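Colleague: I have a structure I would like to understand better, so I am pasting it below and will then ask my questions one at a time.
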Amino acid sequence: MGPLQIKELLNTSPEKQTVTLKGWVRTKRESKNAIFIALNDGSTIHNIQAVAEPGQFSAELLQTVTTGSCLKITGQLVESLGSGQTVEVKIDDILVYGTADPDTYPLQPKRHSLEFLREIAHLRPRTNTFSAILRIRHALAFAVHQYFNDGGFFYLHTPVITASDAEGAGEMFRVTTLDLNKLPRTEEGNINFKEDFFGREANLTVSGQLEGELGAMALSKIYTFGPTFRAENSNTTRHLAEFWMIEPEMAFFELEDNMDLAEDFVKKVITYALTNCKDDLNFLQNRLAEEEKSKPQNERSLPLLEKLSFVVDNPFERLTYTEAIEILLKSKPHKEKKFQYPVGWGIDLSSEHERYLVEKHFKKPVILTNYPREIKSFYMKLDDDGKTVRAMDVLFPGIGEIIGGSQREENYEKLLGRVHEVGIDPQNLWWYLETRKFGTAPHSGFGLGFERLVQFVTGMGNIRDVIPFPRYPKSAEF
Ligand code: 4AD
Ligand code: MG
């Protein structure tokens, strides 16, 4: 349906036939005998080469065929004698849909820095790197839905506007319908935010989990996949203010089942990308290899495809938080006081600790379980020792935490106790607490940060480069 795309054309046998192509010019090269136009329509990383004879078109027309201009080309599909492509198009006719003045068009046929491209997020999908990332991002999203659909999960749409702070971390963006010039005041004269959303408090969701749990208590296996917001002012390469999270939630799953699902799930979606995004992954692998050249041999990482295959082919390491602390206490950086944050039972592991475990000690993905209750959310099921909870974090090389999850506290009294303990008003969670009153059941779930997965698969160093329009403190205006 619709016009022929370059991807389809490249797989066509070069029998003489007339084709019409539409796309954006990547480069134009003129030699004595021919004019070569490399055209790309985003359907594939590959360009199609279109060839015209000198004098075939007016100089006036050819002048408007520049990098970034948009063309419709009609011509004959012929076998290509050039290397790197099997077919090319002998041009009969050119229509210029839109010009791109070379003096002002920001993208030129050279490698631009990722920082520069972040400033022009409206145009960067036209580069090879970003179009490859966006196609891989799409493939991964598709694989996520396919995986859960095949596994008998139902896609549950959870609200973006909510009154709850699912993580209890207070990192919420407020939603308000108030006239900021006429803010309602409490008796003490403070702004009354409780009336934010047509008379009720509201914020953007930090996680669909709590609503997801309601779904699992009816449909058994659900997943959410939607935008999530965190008003944390973290300027890191792993955090966004708006990111997409995938949160499966399963009735009758214990922590072990949850870990098995998480491991199988990430392996299957990565495998999908390996099978279906070969050209784009190869392109990104070569791009990374160029960057690695400047590093000393022993610091270079595995080629991208090898790294992905390794993760898919090997079991993740599973150990408890307590065991991880023991390893860290015996580690060289701890003994030599090289860690910025000191290690001890009860600390919230920082990325240097996680990276040591994953990249130096085990050299593979790690699932850490049974964290101290004090550093984890109120809804996690208490272990019998009363000190730890049935939490699990999946840690990936180069990324750190890619998944956070747990078995949930299904006992009403215990959950209410935790709610009080962390200072949440139970009134705000009455609907959540009721699931523990009516037909409660053991259940578990986890959240995968979609951008961190895309980062891992594409090998990109900065999370801002794997989402089309990144949102972070002081991000671009559109
Ligand atoms: O560990 P988190 O905060 O867990 C939850 O939100 C749970 N409700 C999930 C659940 O059990 N259903 O977040 C889960 C994952 C993290 O492991 C990380 O991959 C990602 O979400 N994440 C972020 N990604 C990008 N930017 C941020 N600011 C992120 N915060 C968390
Ligand atoms: Mg977490």
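Colleague: What whole-number distance in Å separates the alpha-carbon centres of the range 62-93 and the range 263-303?
Modeller: A separation of 31 Å, based on Cα centres.
Colleague: I would also like to ask the following. Taking the convex hull of the Cα atoms, report for the range 1-71 its projected area averaged over all directions, in nm².
Modeller: Computed as one quarter of the Cα hull surface, the answer is 5.3 nm².
Colleague: Here's something else I'd like to know. Starting from one equal scatterer on each C-alpha and no solvent at all, send me the Debye-based log10 I(q)/I(0) for the range 235-301 at q = 0.11 Å⁻¹, two decimals.
Modeller: -0.52
Colleague: Sorted by mean Cβ packing within 10 Å, highest first, what order do the peptides 450-457, 399-406, 149-156, 42-49 take?
Modeller: 450-457, 399-406, 42-49, 149-156
Colleague: What does the charge count near residue 428 come to, summing +1 for each Lys or Arg and -1 for each Asp or Glu among other residues with Cβ under 9 Å from its Cβ?
Modeller: Summing Lys and Arg as +1 and Asp and Glu as -1 gives -3.
Colleague: Apply the a/c threshold of 1.5 to the C-alpha gyration tensor of the range 1-149 and tell me whether it is rounded, prolate or oblate.
Modeller: Oblate, since a/c reaches 1.5 and b/c is not below a/b.
Colleague: May I ask you to list the lysines whose Cα is less than 30 Å away from that of residue 330, ignoring any residue fewer than eight positions away on the same chain?
Modeller: By straight Cα distance, residue 330 reaches 295, 307, 338, 360, 363, 364, 376, 381, 387.
Colleague: Could you please state, rounded to a whole Å, how far the C-alpha centre of the range 399-464 is from the C-alpha centre of the range 30-57?
Modeller: 53 Å
Colleague: For residue 350 and residue 113, calculate 0.36 nm times their separation in residues minus their Cα-Cα distance, and state this gained length in nm to one decimal.
Modeller: 82.4 nm
Colleague: For a quick protection proxy, order the peptides 335-345, 352-362 by their average other-Cβ count within 10 Å, most packed first.
Modeller: 352-362, 335-345
Colleague: Continuing with this model, one more query. Calculate the tail of P(r) for the range 237-388: the fraction of all Cα-Cα distances greater than 22 Å, expressed in %.
Modeller: Result: 58 percent of Cα pairs exceed 22 Å.
Colleague: Assuming a ≥ b ≥ c are the square roots of the Cα gyration tensor eigenvalues, decide whether the range 253-335 counts as rounded (a/c under 1.5), prolate (otherwise, with a/b larger than b/c) or oblate.
Modeller: Verdict is oblate for the range 253-335.
Colleague: Please state, to two decimals, what the Cα-based radius of gyration of the chain comes to when divided by 2.2 N^0.38 Å (N = residues).
Modeller: So the chain has a normalised radius of gyration of 1.16.
Colleague: Rg to Rh ratio, the range 324-452, alpha-carbon atoms and Kirkwood radius?
Modeller: 1.04
Colleague: In addition: Less than 11 Å Cβ to Cβ from residue 214, Lys/Arg counted +1 and Asp/Glu -1: what total charge do the surrounding residues give?
Modeller: After counting each charged neighbour, the total is -4.
Any read-out appearing in this document is the output of simple, stated calculations on the displayed coordinates, not a laboratory observation. Everything numeric here is computed off the predicted structure, so don't read it as measured data. Backbone-built Cβ (ideal geometry, glycine too); neighbour counts: all protein chains shown.
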